[in-house]
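Novice: Take this structure, written in structure tokens, and hold onto it; I'll ask about it next.
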Amino acid sequence: MTAAAIRPTTIKIDQSTKERMKRLAEVRNRTPHWMILEAIRQYVDREEKRDALRRDAIDAWRECQETGLHVTGDEVITWLDTWGEENESVAPVCHE
């Protein structure tokens, strides 16, 4: 990202939060500015992943509704119970 692409933004936070952030920044050997940017980056990353997961779940539900293909909860639990074992089973096959 070029310096020309970076634009300042103002946020308003209460004095208590500002002081807490300043103390934490000092402990972490960071600046409050760095901590704010990192918090925003992490929040945006997490929310983008949450949205992608939601879209994937909706798409999977639509596909299940259209095709009737699915696995039951019991089939998944039985499969997951073998994870990490010597005789780990393969994922259950979708069926109608």
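The values are calculated or read from the model by the stated rules, or taken from the named source; none is laboratory data. Computed from a predicted model, the values in this text were never measured in an experiment. Because the Cβ atoms are built from the backbone with ideal geometry, glycine has one as well, and the counts that use them run over all protein chains shown.
Novice: Assigned to a helix (DSSP H, G or I) and modelled with pLDDT of 95 or more: does that describe Arg62? Spell out the reasoning first.
Specialist: Details: assigned to a helix (DSSP H, G or I): yes; modelled with pLDDT of 95 or more: yes.
Here the answer is yes, as Arg62 does meet what is asked.
Novice: Has segment 73-81 got at least one residue that is closer than 30 Å to Ile13 by Cβ and free of Cβ contacts under 8 Å to residues at least 24 places away in the same chain?
Specialist: no
Here is a yes/no grid of residues against (1) surrounded by 10 or more Cβ atoms within 10 Å (Cβ to Cβ); (2) at pLDDT 95 or above; (3) of a type in the set (A, V, I, L, M, F, W, C); (4) outside any helix (DSSP H, G or I):
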{"residue": "Val44", "(1), (2), (3), (4)": "yes, yes, yes, no"}
{"residue": "Asp51", "(1), (2), (3), (4)": "yes, yes, no, no"}
{"residue": "Ala57", "(1), (2), (3), (4)": "yes, yes, yes, no"}
{"residue": "Asp74", "(1), (2), (3), (4)": "no, yes, no, no"}
{"residue": "Trp83", "(1), (2), (3), (4)": "no, yes, yes, yes"}
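Novice: Moving to a separate point now. What number of residues in segment 1-37 are outside any loop (DSSP other than H, G, I, E, B), among the hydrophobic types (A, V, I, L, M, F, W, C) and either surrounded by 10 or more Cβ atoms within 10 Å (Cβ to Cβ) or in contact (Cβ under 8 Å) with a residue 12 or more places away in the chain (or both)?
Specialist: 7
Novice: Another question, then. Name the residues in segment 1-58 that are more than 18 Å from the chain's Cα centre (by Cα) and among the charged types (D, E, K, R), would you?
Specialist: Listed by number, the residues that qualify are Arg7, Lys12, Asp14, Lys18, Glu19, Arg20, Lys22, Arg23, Glu26, Arg28, Arg30.
Novice: For Lys18, indicate whether it is farther than 30 Å from Pro92 by Cβ and among the basic types (Lys, Arg).
Specialist: Judged against the criteria, Lys18 is a match.
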